[in-house]
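The values are calculated or read from the model by the stated rules, or taken from the named source; none is laboratory data. The structure displayed is predicted, hence computed values, not measured ones. FYI the Cβ positions are ideal-geometry reconstructions off the backbone, even for glycines, and counts take in every protein chain you see.
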Amino acid sequence: MDTGMIQEKMKNQRKGAPGIGKELIKNRLLYSMMLIGVLWTAVFAYIPMGGLIVAFKKFSYSDGILKSPWAGIDNFKFLFLNKDLFNITFNTVWLNVLFIVFSTSVSVLLALMFTEVKSKIYKKLTQSVAIIPYFISWAVVAMFLQGFLGDRGLINQFIRQLGGDSVAFYNTDTYWRFILVLLRIWQGAGFGTIIYIATITGFDAEVYEAAKIDGANRFQLISKLTLPMLKTTIIMLTLMSIGNIFRGDFGMIYALVGDNSMIYRTTDVIDTYVYRALRTNSNLGFSTAVSFYQSAVGFCIVLASNWLTRKVEPDSALF
Amino acid sequence: MRDMTGSITKKKKKKSSDTVIMDAIVYTLITIFCLFCLIPFMMLIATSFETEVNILREGYKLWPSKFTTEAYRTIFKTGQIFKAYGVTIFTSIAGTLLSMVVTVLLAYPLSLKKVKYRTQVTFFIYFTMLFNGGLVPTYLLISKYLNLRDNIWVLIIPILLNPWNMFMMKNFFRSIPEELSEAAYIDGANDLKILTKVILPVSVPGIATISLFYALGYWNQWYNAMLYIDDKSLYPLQYYIMNLTRSIDSIKEMARMTGQAFASLPSNSIRMATAVVTIGPVIFFYPFVQKYFTSGIMVGSIKG
């Protein structure tokens, strides 16, 4: 777990294996090229992993990580007795499931439609437009969202025009899963088509010609040929996203929801919870325990999704 | 290749009814989706040019009923946005350059079969994508032990290397035929020379795509600013925007700086105008890199 240990182990491996010095000398330029990247990873990724021991400490900022007294599993006891735990776990997983299902469906649908477009100019123009939202930060999205959902926002103007009463979206948690999914589609579905379109363009044209000669129409070409051939790509990308299902999108959710506790019930995820715990709660051991729980369960899910991938499509498994 | 099937249809000269229906559905749905993508931009731009009185009376707009540039003039008068812009431009340019150097230097050796320990190094990097220490230990490392609080480099160093981008770059290098570098080896060039003189010139689509991803990450970041920056003159654009969205205080601050009465300040249109000013460069640069995009992403995502 500790960086030192891992480096030590790697060093030992290097010393132990035959010809290791020779290899390092022979390709010394190539190995030294990698040095900055490897060192950076050691400091900014492996040291924080070691820092997870804070979860087992009664942490005080002035004593630091090593000198703070041990707390055993008190932080975890506190975590598992916490009534928020179920809610943030559920929201993290459920929002990710909704994001995966809807973004993938819209992306695939759009990709199928884009490949049916014959006008080159129209195709290029619409594709560019569909991808642009991917480049907009969630901070800006949060800003324009007020222009839609606020009391003077476009949606409430529309509701009032129809004779209804304004809806206080920012105080009503029931709408927010839908709102987040819609924004996710806005931001990512167009970008998601890139890989599907490229895959479809790579399919063998002869197969399509043969089917045409057999009298297949365009609907049949899509449902009987394109979709089945696209299935592997869809499954692959979905399995890859499932690996991250235990990680909440902090950048998105904190930018949009912030500290608006009125809508926590449907939007609060593990990552936003940890951040608030860090900021408001002096007990850093507790927020680290939440991170620890997230990393550990998340790791198991990655392993599981990779195992599944290997069963479905051995070539696409990550390891 | 699918275009070929299209030309076959054309040869038949007569459009069958399913073709007509299909075209109608496809064009309509795509147009609707594009409108859905564009409406927020329309709203931002329209409201930024609307008078505050009209916004307060009628609400946000898709089309301004009275055109005014007051919001933009106020933003530029206070000058706060220029500082935020400066921070963001510096971190985006310096950050992207540094990230690309580190990424390429790590990805290139990992793409070579002759580097015997590439699997070990790959695993060392790859593991960090599966398991991480999370927010608190990273926070302690950066603010307590590395003492990077309120330092502009805190907006660059913690996100210097993105393993995902690095692996895409590696896969891109792998797709380059080995024969290209072999000739240079025979001429006695060393690995660094081969990388800069032979490999990089043919890697433009990959470099462009990965640079764009990094640049976008730096341009759009606010997370590290929120965690580590208290000094307002070091706020990057996105965090500046977030504060503008959240708190009325930042509008009050603007009133103080321009000497205007708080109530007379066009706060709604200022917000939207700031957003427009923020996304401007992104929209502007996008067409230049777009042509590399598809090829860069496709080659990079092939598993190697």
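From the residues in region B:134-159 that are farther than 16 Å from A:GLY50 by Cα and not in a helix (DSSP H, G or I), which one is farthest from the chain's Cα centre (by Cα)? Full working, then the answer.
First, the residues of region B:134-159 that are farther than 16 Å from A:GLY50 by Cα: B:143, B:147-159.
This time we only want the ones that are not in a helix (DSSP H, G or I), so: B:147-151, B:156.
Working: B:ASN147: 27, B:LEU148: 24, B:ARG149: 24, B:ASP150: 23, B:ASN151: 22, B:ILE156: 14 Å.
It comes out as B:ASN147.
Take the residues of region A:230-253 that are modelled with pLDDT of 90 or more and farther than 19 Å from A:TRP94 by Cβ: which is surrounded by the fewest Cβ atoms within 10 Å (Cβ to Cβ)?
So the residue we want is A:ILE234.
In region B:57-82, which residues are within 14 Å of chain A (Cβ to nearest Cβ) and not hydroxyl-bearing (Ser, Thr, Tyr)?
Passing the criteria: B:ARG57, B:GLU58, B:GLY59, B:LYS61, B:LEU62, B:TRP63, B:PRO64, B:ALA71, B:ILE75, B:ILE81.
For B:ALA215, which of the numbered conditions (1) away from every other protein chain (no Cβ under 14 Å); (2) in a helix (DSSP H, G or I); (3) modelled with pLDDT of 85 or more fails to hold?
(1)
How do the helices (runs of 4 or more DSSP H) wholly within region A:149-215 filter down when requiring 3 or more residues that are under 27 Å from the mean Cα position of the chain (by Cα) and buried (at least 17 other Cβ atoms within 10 Å of the Cβ): which remain?
A:176-201
Which is at pLDDT below 90 and touching a helix residue (DSSP H, G or I) at 6+ places or on another chain (Cβ under 6 Å), of A:LEU284, A:LEU256? Outline the logic, then answer.
Numbers: A:LEU256 fails: at pLDDT below 90.
A:LEU284 is the lone residue from the list that is at pLDDT below 90 and touching a helix residue (DSSP H, G or I) at 6+ places or on another chain (Cβ under 6 Å).
Which one of the conditions (1) in contact with a helix residue (DSSP H, G or I) (Cβ under 8 Å, 6 or more places away or on another chain); (2) more than 22 Å from B:GLY133 (Cα to Cα); (3) aliphatic (A, V, I, L, M) does B:ALA183 fail to meet, given that it meets all the rest?
(1)
Quick one: count up the residues across region A:296-314 that are within 16 Å of the chain's Cα centre (by Cα) and crowded, with 20+ Cβ neighbours inside 10 Å.
3
How about region B:160-209: which helices (runs of 4 or more DSSP H) wholly inside it have at least 3 residues that are modelled with pLDDT of 90 or more and within 12 Å of chain A (Cβ to nearest Cβ)?
The qualifying helices (runs of 4 or more DSSP H) are B:163-174, B:191-194.
Select from region B:3-59 the residues that are assigned to a loop (DSSP other than H, G, I, E, B) and over 30 Å from A:GLY150 (Cβ atoms) and write down the one among them that is modelled with the highest pLDDT.
B:SER16
List the residue pairs whose Cβ atoms are under 6 Å apart, where the first residue sits in region A:175-192 and is touching a residue at least 12 places away in the same chain (Cβ under 8 Å), the second is surrounded by fewer than 18 Cβ atoms within 10 Å (Cβ to Cβ) and among the aliphatic types (A, V, I, L, M), and the two are 6 or more positions apart or on different chains.
Qualifying pairs under 6 Å: A:VAL181/A:LEU98.
With the structure loaded, tell me whether A:ARG152 is of a type in the set (D, E, K, R) and over 16 Å from A:ILE263 (Cβ atoms) or whether it fails that test.
Answer is yes for this residue.
Could you check region A:40-60 and list, in sequence order, the residues that are more than 7 Å from every other protein chain (Cβ to nearest Cβ) and either over 16 Å from B:GLY134 (Cβ atoms) or surrounded by fewer than 21 Cβ atoms within 10 Å (Cβ to Cβ) (or both)? Quick ask: steps written out before the conclusion?
Taking region A:40-60 and keeping what is more than 7 Å from every other protein chain (Cβ to nearest Cβ), we get A:42-43, A:46, A:50, A:53, A:55-60.
The answer is A:ALA42, A:VAL43, A:GLY50, A:ILE53, A:PHE56, A:LYS58, A:SER60.
Looking for something among the hydrophobic types (A, V, I, L, M, F, W, C), in contact with a Leu (Cβ under 7 Å, 6 or more places away or on another chain), closer than 21 Å to B:LEU234 by Cβ and at the interface with chain A (Cβ under 7 Å from one of its Cβ atoms) - is there at least one such residue anywhere in region B:143-157?
no
Looking at A:GLY37 and the list (1) more than 25 Å from the chain's Cα centre (by Cα); (2) surrounded by 16 or more Cβ atoms within 10 Å (Cβ to Cβ), which single condition is not satisfied?
If we test A:GLY37 against (1) more than 25 Å from the chain's Cα centre (by Cα); (2) surrounded by 16 or more Cβ atoms within 10 Å (Cβ to Cβ), just (1) comes out false.
Determine which member of the set A:ASN87, A:ASN91, A:ASN82, A:ASN96 is surrounded by 21 or more Cβ atoms within 10 Å (Cβ to Cβ) and more than 13 Å from chain B (Cβ to nearest Cβ).
A:ASN91
Write out, first by first residue and then by second, each pair whose Cβ atoms fall under 9 Å of each other, whose residues are 6+ apart or on separate chains, and whose first residue, in region A:200-213, is in contact (Cβ under 8 Å) with a residue 24 or more places away in the chain while the second is basic (Lys, Arg).
Sorted first by the residue in region A:200-213, then by its partner, the pairs are A:ILE200/B:ARG2; A:THR201/B:ARG2; A:PHE203/B:ARG2.
Here is a list: B:LEU130, B:LEU141. Which entry is in the same structural domain as B:ASN190 (by TED's automatic domain parsing) and modelled with pLDDT under 90?
Answer to the check: B:LEU130.
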